[in-house]
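Q: Before anything else, here's the structure in question.
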Amino acid sequence: GFGILLEIFTTLVALGVVYAGVHAYKITKEQKHLYFAGTFGLLAISFIGRLFTALAIALESFNDSVVSPVSTTLGVSGELFSIGHVAYIWLVLGAYAILLSLALKWDRKRELGVLIALTSVIAASSIDVSWPFHLAALALLFCITLQHYLNYRGTRAKSAYHIFAAFALLTLEPLMFLLARFEPSLVVAGYVVRLIAYVMILVTLWRVFSDE
């Protein structure tokens, strides 16, 4: 319902960030902007994949409810959900790992490889329960936000502050999903927070590089 609509808008904004990042790379020739665009490309792919998975499951359930036993539908739908779910987690955590390596200016071959390996383990452990994924996302986003705050403290630039504020807001998303077991409405709130954070990032990129 409303959550799917929010995710569609979030996907479109993420693709806008990809375009803005590539535009920034063309202006500055700095690879960090290209990697930044790539991370939001991964996030957009993860959202698109989850939407298509949900659509495929819905269509298959509708068709099989007419011509096939319910048990068969549940089995195939369960496999589709598991594959889509793990792929979504791996892409999101992989994107956050790259964002953290960019924020910390790590050697992308060594430290990033360790983070990607850890995200693979977390993705595998999140097949049946989602809390390891949300906890890992919370930890990664907290570290990213902290680094952007330190960057803002060092530069005092408005753009640095807006990026820090966007990631600080985005950090609330996995926290809301963790707390959603006590208050289900927090799931939709998490989608809204994520969309606002993405819009903030997109607007900041365009404001910075439209002036150059």
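The values are calculated or read from the model by the stated rules, or taken from the named source; none is laboratory data. Nothing here was measured: the structure is a model prediction, and the numbers come from that model. In this analysis, Cβ positions are derived from the backbone assuming ideal geometry, glycine residues included, and neighbour counts consider all displayed protein chains. Only protein heavy atoms, including side chains, enter the accessible area calculation; ligands, DNA and RNA are left aside. Shrake-Rupley method; radii C 1.70, N 1.55, O 1.52, S 1.80 Å.
Q: Please list, ordered by residue number, the helices (runs of 4 or more DSSP H) wholly in the stretch 125-211 having 2 or more residues that are open to solvent by less than 50 Å² (accessible area, probe 1.4 Å), farther than 25 Å from residue 105 by Cβ and without any contact (Cβ under 8 Å) to a residue 24 or more places away in the chain.
A: Numbers: elements: 131-155, 158-179, 186-210.
The qualifying helices (runs of 4 or more DSSP H) are 186-210.
Q: Which numbered condition in (1) closer than 24 Å to residue 20 by Cα; (2) aromatic (Phe, Trp, Tyr); (3) at pLDDT below 95 is the only one that residue 182 fails?
A: (1)
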